[in-house]
Amino acid sequence: MILLDGKKLSEKIKVQLLEQSRQLKNENGRSPHLAAVLVGENPASVAYVNNKIRSCRQCEIGSALIKLEDTISEKELLEEIDRLNADENTDGILVQLPLPPHINPDVIASAIHPEKDVDGFHPLNAGKLSFGLPCFEPATPKGIMLMLEHYNISLSGKHAVVIGRSNIVGRPMSIMLSAASANATVTLCHSRTSNLEEFTRQADILIAALGKPGFVKAGMIKRGTVVIDVGITRIEDPTRKNGYRLTGDVDFDNVAPLCSAITPVPGGVGPMTIIGLLSNTLRAAEVK
Ligand code: NAD
């Protein structure tokens, strides 16, 4: 069984991204720049955004963290996005999800200029993705594709089963796996799928992105499957200093012995998501 080490791989890729970032600085006369918008103080969101900013620094990508109160109106947030859209020194914009319930994330995603949409959530980028046209690919599936490529996991003709159909992970993942560049045959499962196990047991590659800790059990997969665990849930754990531990969607201890390869949580998909974001930011700086 191969442990797909996203942490180690991401550090290796960051060295290449740093090189690209320096080159772009030479060409553009300034470093690539990411603006990260954080609404409210959700502890997980704060941790994710700080991690993204730290990674930008490692790659000499400039960044701005724009912290806004969770009482901000949708209109005020749209004004902030307009400002960033118009700012010549901002190459990429991300708005950390989730947003407070009174703000519609689809409205916000559609307001970000498609050429600065480094999360790839704008409908134009989503449409281009499904047509196989050049676009910003959402960071998590992009990071997963890079990981599969790095570990020489061939996809062509394989049956990939994706659990979860969100616009952030599951759906774009299914599109990228079935694209002509990957050539997998894809089954997209979701909360209304009947007999889920019937599908997961057929998977050569199983992507779990549903946000239910330990959901994928050993009895749900066949021997030799590649398992990619996207899930991250904070579970209270008084034995830890910070009071919680991160848990994936896969019952790792019992599933891992059956797999040919598997990602750990943490240290699997998470760091690769950041690579997806950084590499999209460099691409946005190139578009200029
Ligand atoms: P979401 O809640 O938007 O979507 C969950 C999907 O799972 C839905 O499409 C739903 O139909 C499906 N689902 C729910 N219960 C199911 C069930 N019992 N059987 C089959 N399908 C079921 O979540 P999301 O934003 O796609 O995130 C999913 C998980 O991935 C979360 O734990 C999230 O924290 C994590 N995540 C991790 C990264 C990373 O970088 N590792 C990035 C994004 C999201």
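The values are calculated or read from the model by the stated rules, or taken from the named source; none is laboratory data. Predicted model, so just to flag it, every value in this text is computed and none were measured. With ideal geometry, Cβ positions are generated from the backbone for all residues, glycine too; neighbour counts draw on all protein chains shown. Ligands, DNA and RNA are excluded from the accessible area calculation, which covers all protein heavy atoms including side chains. Shrake-Rupley method; radii C 1.70, N 1.55, O 1.52, S 1.80 Å.
Of all the listed residues (78, 17, 9), the sole one being assigned to a helix (DSSP H, G or I) and either modelled with pLDDT under 95 or open to solvent by 30 Å² or more (accessible area, probe 1.4 Å) (or both) is 78.
Inside region 51-71, residues that are in a loop (DSSP other than H, G, I, E, B), of a type in the set (Val, Ile, Thr) and open to solvent by 20 Å² or more (accessible area, probe 1.4 Å) make up a count of 1. Return a yes/no flag: does region 269-281 have any residue that is within 16 Å of the ligand (Cβ to nearest atom) and either at pLDDT below 95 or open to solvent by 40 Å² or more (accessible area, probe 1.4 Å) (or both). Scanning region 269-281, I find no residue that is within 16 Å of the ligand (Cβ to nearest atom) and either at pLDDT below 95 or open to solvent by 40 Å² or more (accessible area, probe 1.4 Å) (or both), so the answer is no. Counting the residues of region 246-259 that are over 20 Å from the mean Cα position of the chain (by Cα) and open to solvent by 50 Å² or more (accessible area, probe 1.4 Å) gives 4. Of all the listed residues (25, 7), the sole one being out of contact with any Cys (no Cβ under 7 Å at 6 or more places or on another chain) and either more than 22 Å from residue 137 (Cβ to Cβ) or acidic (Asp, Glu) (or both) is 25. Scanning region 29-50 for residues that are surrounded by 15 or more Cβ atoms within 10 Å (Cβ to Cβ) and assigned to a helix (DSSP H, G or I) turns up 45, 46, 48, 49. Taking region 84-190 as the region of interest, the helices (runs of 4 or more DSSP H) fully inside it that hold 1 or more residues being surrounded by fewer than 16 Cβ atoms within 10 Å (Cβ to Cβ) are 105-111, 123-131, 139-150.
In the set (1) within 10 Å of the ligand (Cβ to nearest atom); (2) surrounded by 16 or more Cβ atoms within 10 Å (Cβ to Cβ), the condition left unmet by residue 234 is number (2). Scanning region 197-218 for any residue that is of a type in the set (A, V, I, L, M, F, W, C), surrounded by fewer than 16 Cβ atoms within 10 Å (Cβ to Cβ) and away from the ligand (no atom under 14 Å from the Cβ) turns up at least one such residue.
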